[in-house]
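A.B. asks: Sharing a structure, written as structure tokens. Questions coming.
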Amino acid sequence: MTARTSLASWQALHAHARQMKQQHMNDLFAADARRFDKFSIQLPSLLLDYSKNLITEQTMQQLLALAQDCDISGWREKMFTGEAINRTENRAVLHTPLRNRSKTPLELDGENITLQVEQTLAKMKNFSDKVRQGHWKGYSDKRITDVVNIGVGGSNLGPQTVTEALKQYSDNSLNVHYVSNVDGAQIAEVLRPLNPEKVLFIVSSKTFTTTETMTNAATAVKWLVSASFDEQAVAKHFIAVTASRDNAKAFGIAAENIFDMWDWVGGRFSLWSAIGLPVALDLGFKQFIELLEGAHEMDRHFRQAPLADNAPVMLALLSIWNCTFLGAQSQAILPYDQSLHMLSAYLQQAEMESNGKSVTWHGEPVSYPTVPSIWGELGINGQHAFYQYLHQSNNIVPADFIGSVESITPVRGHHETLMANFFAQTQALMSGVDEAQVRADLATKDRQQDYIDKVAPHKVHKGNRPTNTILMERITPKTLGSLIALYEHKIFVQGIILQICSFDQWGVELGKGLASKIQHQLETDETAAGHDSSTAGLISYYKKMTSK
Ligand code: F6P
């Protein structure tokens with residue numbers, strides 16, 4: 001297969017990028033009144049405006065040529081139809097059938113995937129209805145009031161991001177809590193106010209071997225058993241979501257309390273599986289299905305829309321343009337909607353664990369920048385923290401601004417202030433203000449010339465900073481499902497173009513392995529041997545201090 005860098009479209013983009021770096025978006029907008037119409041896509045759930053990027057029609061044609069040369073359409077079909085595109089683990093990548101509300105039949109290795117998904121959904125419905133209606137009773141025959149999800153990474157971020165985003169849709173039948181960190185402070189804090197008789201624990205782990213999750217689950221079992229004086233209580237208070245039934249059973253979870261997921265669902269794409277059970281418990285199963293419907297709507301758009309009108313494809317191409325060709329190294333996610341306060345954390349895992357890699361799928365070093373680091377914060381809060389850097393530092397940080405036309409928690413006057421800032425920021429980042437304008441403004445304020453000379457350079461904003469604007473109609477289970485699926489598909493397209501294996505995560509293994517060796521040294525008299533002098537020194541110091 002041809003190296004990406006040998007493609008004519010790739011080389012043309014490099015040459016084009018050199019020219020475009022000399023351009024300013026102000027001039028591009030001045031030259032073309034139809035820029036917004038040309039560079040925006042309207043979908044039922046959202047509007048994507050990408051006109052405030054350093055692009056022209058030629059840029060987009062060349063990026064689309066690259067997408068074609070990389071056979072995005074072909075790879076897309078391979079994913080949807082269950083080819084083993086997770087090459088390093090030889091697995092299919094099938095988060096899309098989890099939310100295929102058309103229930104299109106799909107077989108994998110002779111198994112009917114659609115049937116398995118529907119059976120698990122039916123089990124989730126029965127279970128969540130039973131708990132929410134108070135028919136599932138704890139060891140002392142009391143109804144469940146609180147659910148604690150124990151899981152980390154993909155077994156935490158998806159459901160927690162969604163329950164946080166959709167709080168307004170909860171009828172508060174149950175209080176849902178999340179424990180992900182192995183720092184005991186978190187589980188202690190969560191359990192402190194809870195009554196063990198009324199708590200249901202979900203141990204969510206695809207592998208059911210993750211140390212953090214197993215440690216927290218063991219602590220939760222001890223907490224329950226020390227309150228109930230009855231080991232049998234575990235059967236009424238613990239359920240598991242996992243692809244490793246045997247491990248869950250060995251842990252002590254009753255077989256009927258295990259919800260299946262499968263090795264063809266990646267952890268960071270697993271929200272749509274039974275990993276989403278906390279969402280169904282919190283909001284009700286109907287709302288969970290609406291979340292799936294929203295994602296399915298985005299799947300259909302991604303699969304069917306021509307590349308030029310395809311929102312996930314465009315987001316991926318623009319990221320590649322900004323990072324690989326124009327040199328940006330990080331990307332900000334800036335939601336102007338309180339409900340999306342965990343979105344940047346969610347997308348950090350989704351994009352960085354997927355594509356933060358430095359060999360191609362042929363195992364060769366990549367010779368070009370791949371994906372940016374992802375970071376972000378809620379809109380207005382970020383403005384008073386790091387936007388200074390976005391506007392005036394020498395580093396260009398492309399940013400996605402995500403807002404809603406309608407607030408789900410309207411408070412008179414607030415939404416207009418929020419959205420005025422939302423629109424103003426992308427405009428300011430794009431247009432900036434030059435020194436002549438700064439001087440003219442200061443002069444109208446009757447400033448002395450020496451003050452103007454001193455201050456003017458500091459007030460210059462170069463502008464020309466790329467942003468995408470995603471405007472949702474309103475955050476609902478459905479539109480949120482579409483938004484998350486939009487980013488999932490963006491990540492897929494990025495991976496294909498950059499020739500990155502997006503669906504493994506070997507990079508988290510090395511530290512995990514070292515941690516288990518070090519843990520043994522911390523817990524025993526074993527000396528801190530086999531380490532560099534820094535690590536050995538730190539471990540010895542820690543052991544000396546803890547033994548005081
Ligand atoms: O951080 C690595 C990782 O494997 C993620 O990909 C995954 O989402 C997380 O750990 C949790 O894994 P598991 O669901 O197997 O406990």
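Each reported figure results from applying straightforward, stated rules to the coordinates on display, with no laboratory input. What you are looking at is a predicted structure, and each value in this text was computed from that prediction instead of being measured. So basically every Cβ, Gly included, is an ideal-geometry build from the backbone, and we count neighbours across all protein chains shown.
A.B. asks: Let me check against my output: what whole-number percent is the relative contact order of the chain, with C-alpha pairs under 8 Å and at least 6 apart?
C.D. replies: Relative contact order for the chain comes out at 18 percent.
A.B. asks: Given all pairs of different Cα atoms, what value in angstroms does the Kirkwood hydrodynamic radius of the chain take?
C.D. replies: For the chain, inverting the mean 1/r across all distinct Cα pairs yields 25.5 Å.
A.B. asks: Placing +1 on the Cβ of each Lys and Arg and -1 on the Cβ of each Asp and Glu in the chain, which of A295, S547, S533 has its Cα farthest towards the positive end of the resulting dipole?
C.D. replies: After comparing all options, I get S547.
A.B. asks: Explain nothing, just the number: relative contact order of segment 348-402, from Cα pairs under 8 Å at least 6 residues apart, as a whole percent.
C.D. replies: Once normalised by length, the contact order is 27 percent.
A.B. asks: Among T324, L277, Q348, which residue has its Cα positioned farthest towards the positive end of the charge dipole of segment 260-352, with +1 placed on the Cβ of Lys and Arg, -1 on the Cβ of Asp and Glu, and the dipole taken about the Cα centre?
C.D. replies: Farthest towards the positive end: T324.
A.B. asks: Can you tell me the length gained on complete extension of the stretch S73 to F423, counting 0.36 nm per residue apart and subtracting the Cα distance?
C.D. replies: 122.6 nm
A.B. asks: Also, I was wondering about something else. Please identify the chymotrypsin sites (Phe, Trp or Tyr not before Pro) of segment 184-284 that satisfy two criteria: DSSP loop assignment and at most 10 other Cβ atoms within 10 Å. Which are they?
C.D. replies: F229
A.B. asks: Rounded to the nearest 20 debye, what is the charge dipole size of segment 376-528 about its Cα centre when +1 sits on each Lys and Arg Cβ and -1 on each Asp and Glu Cβ?
C.D. replies: Around 480 debye, computed over segment 376-528.
A.B. asks: Pop the C-beta distance of S102 and E231 into the FRET formula with R0 = 41 Å and round what comes out to the nearest 0.05.
C.D. replies: 0.35
A.B. asks: How large is ³J(HN,Hα), in whole Hz, for each residue of segment 243-249 in order, when computed from phi with the Karplus curve 6.51 cos²θ - 1.76 cosθ + 1.60 and θ = phi - 60°, using x for Gly and Pro?
C.D. replies: Residue by residue, segment 243-249 yields 9, 10, 3, 4, 4, 5, 5 Hz.
A.B. asks: Computed FRET efficiency, Cβ-Cβ of N394 and T215, R0 45 Å: what is it to the nearest 0.05?
C.D. replies: The pair N394/T215 has a calculated efficiency of 0.55.
A.B. asks: Please state the equivalent ellipsoid semi-axes for segment 282-384: what are the square roots of 5 times the Cα gyration tensor eigenvalues, largest first, in whole Å?
C.D. replies: In descending order, the three semi-axes are 27, 21, 14 Å.
A.B. asks: Also, I was wondering about something else. Quick one: which residues, 5+ away or cross-chain, put their amide H under 5 Å from the amide H of I402? H built at 1.01 Å from N.
C.D. replies: It is L334, Y336, I470, by chain and number.
A.B. asks: Sticking with this structure for a sec: Report, by chain and number, residues whose modeled amide H sits under 5 Å from the one on R91, excluding near sequence neighbours (fewer than 5 apart, same chain).
C.D. replies: N86
A.B. asks: Quick one: angle between helix 113-132 and the longest Cα principal axis of the chain, in degrees between 0 and 90, rounded to 10, please.
C.D. replies: 70 degrees
A.B. asks: Ranked from highest to lowest mean number of other Cβ atoms within 10 Å per residue, what is the order of the peptides 437-443, 508-514?
C.D. replies: Put in order of decreasing packing, that is 437-443, 508-514.
A.B. asks: Okay, next question. So, in nm, how far is label Y542 from label D37 when the simple model puts each one 7 Å beyond its Cα toward the Cβ?
C.D. replies: For the pair Y542/D37, the computed spacing is 6.2 nm.
A.B. asks: Over segment 176-300, what is the relative contact order in whole percent, taking alpha-carbon pairs under 8 Å and six or more residues apart?
C.D. replies: 21 percent
A.B. asks: Still on this structure, I have one more. May I ask you to list the lysines whose Cα is less than 19 Å away from that of K490, ignoring any residue fewer than eight positions away on the same chain?
C.D. replies: K52, K78, K357, K478
A.B. asks: Looking at segment 148-249, which trypsin sites (Lys or Arg not before Pro) are DSSP coil and have at most 14 other C-beta atoms within 10 Å of their C-beta?
C.D. replies: Of the trypsin sites (Lys or Arg not before Pro), not one in the loops of segment 148-249 has a Cβ with at most 14 other Cβ atoms within 10 Å.
A.B. asks: Could you check the spin-label model distance between S516 and Q11? Points 7 Å from the Cα along Cα→Cβ, value in nm.
C.D. replies: It works out to 4.8 nm between the two label points.
A.B. asks: How much net charge surrounds K462 when only the other residues with a Cβ under 13 Å from the Cβ of K462 are counted, with Lys and Arg +1 and Asp and Glu -1?
C.D. replies: Within the 13 Å Cβ shell, the charges total +1.
A.B. asks: Give, as a single signed number, the net charge of other residues whose beta carbon lies under 13 Å from the beta carbon of V190, with Lys and Arg counted +1 and Asp and Glu -1.
C.D. replies: My count for the surroundings of V190 gives -2.
A.B. asks: Might you report the magnitude of the Cβ-based charge dipole of segment 72-226 about its Cα centre, with Lys and Arg at +1 and Asp and Glu at -1, to the nearest 20 debye?
C.D. replies: 340 debye
A.B. asks: Angle check, please: helix 72-81 long axis (alpha carbons) against the longest principal axis of the chain (alpha carbons), in degrees 0 to 90, nearest 10.
C.D. replies: The answer is roughly 10 degrees.
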